[in-house]
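Asker: Encoded as structure tokens, here's the structure I'll be asking about.
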Amino acid sequence: MTVSTSQRILAFLAYLLLVVGWIIVLLFGRRSRFAVYHMKQSIALVLFLLAVAAGWALFTWLSAWISFLFIIGVASFSLVMAAILFGLVAWIVGMGNALGAQMRPLPIVGAWAKRLPPR
């Protein structure tokens, strides 16, 4: 599959600008299978990070109601930090894949991106 420079730029913007980049891909690159693929990868990565943060916040809030269990909730923030570090690495890998004209799925979240609705 030959990927043009404009498709690479659109795919890169899907990672770099997040929501604005997704809108740009939908407006200008909807027909590009490559750009839409990377937009979905970017969306899956952001949804994963939001789910981790929301899950931690909910767990910590619920554990705060039980005496001394809130300490586990606070200590589990290290898992959130690990997820953020993973997200940063996956974000950089995704941008590299987009600029390198490669359609490789991101680790962990790449399979979830395939479940997102088709363009």
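FYI, it's all coordinate maths here, none of it is from the lab. Everything numeric in this text was worked out from a predicted model, so none of it was measured. Ideal geometry is used to build each Cβ from the backbone, glycine not excepted, and the neighbour counts take in all protein chains shown.
Asker: Using the alpha-carbon atoms, what tilt in degrees (0 to 90, nearest 10) does helix 33-63 show relative to the longest principal axis of the chain?
Answerer: Approximately 10 degrees, to the nearest ten.
Asker: For segment 89-104, what does the Karplus curve 6.51 cos²θ - 1.76 cosθ + 1.60, with θ = phi - 60°, yield as ³J(HN,Hα) per residue in whole Hz, taken in order and with x for Gly and Pro?
Answerer: For segment 89-104, the Karplus curve yields 5, 5, 4, 5, 4, x, 5, x, 4, 5, 6, x, 6, 10, 9, 9 Hz.
Asker: Could you pull out which residues in segment 5-21 have an amide N less than 19 Å from a spot 7 Å beyond the Cα of residue 88, following the Cα-Cβ vector?
Answerer: Those under the cut-off are 15-18.
Asker: Output ³J(HN,Hα) for segment 10-25: one whole-Hz value per residue in order, computed from phi by the Karplus curve 6.51 cos²θ - 1.76 cosθ + 1.60 with θ = phi - 60°, and x for Gly and Pro.
Answerer: Going residue by residue, I get 4, 5, 5, 5, 4, 7, 5, 9, 6, 4, 5, x, 5, 5, 4, 5 Hz, with x marking Gly and Pro.
Asker: Related question: With the cut-off at 1.5 for a/c, could you classify the chain from its C-alpha gyration tensor as rounded, prolate or oblate?
Answerer: Prolate is the answer for the chain, as a/c is 1.5 or above and a/b outweighs b/c.
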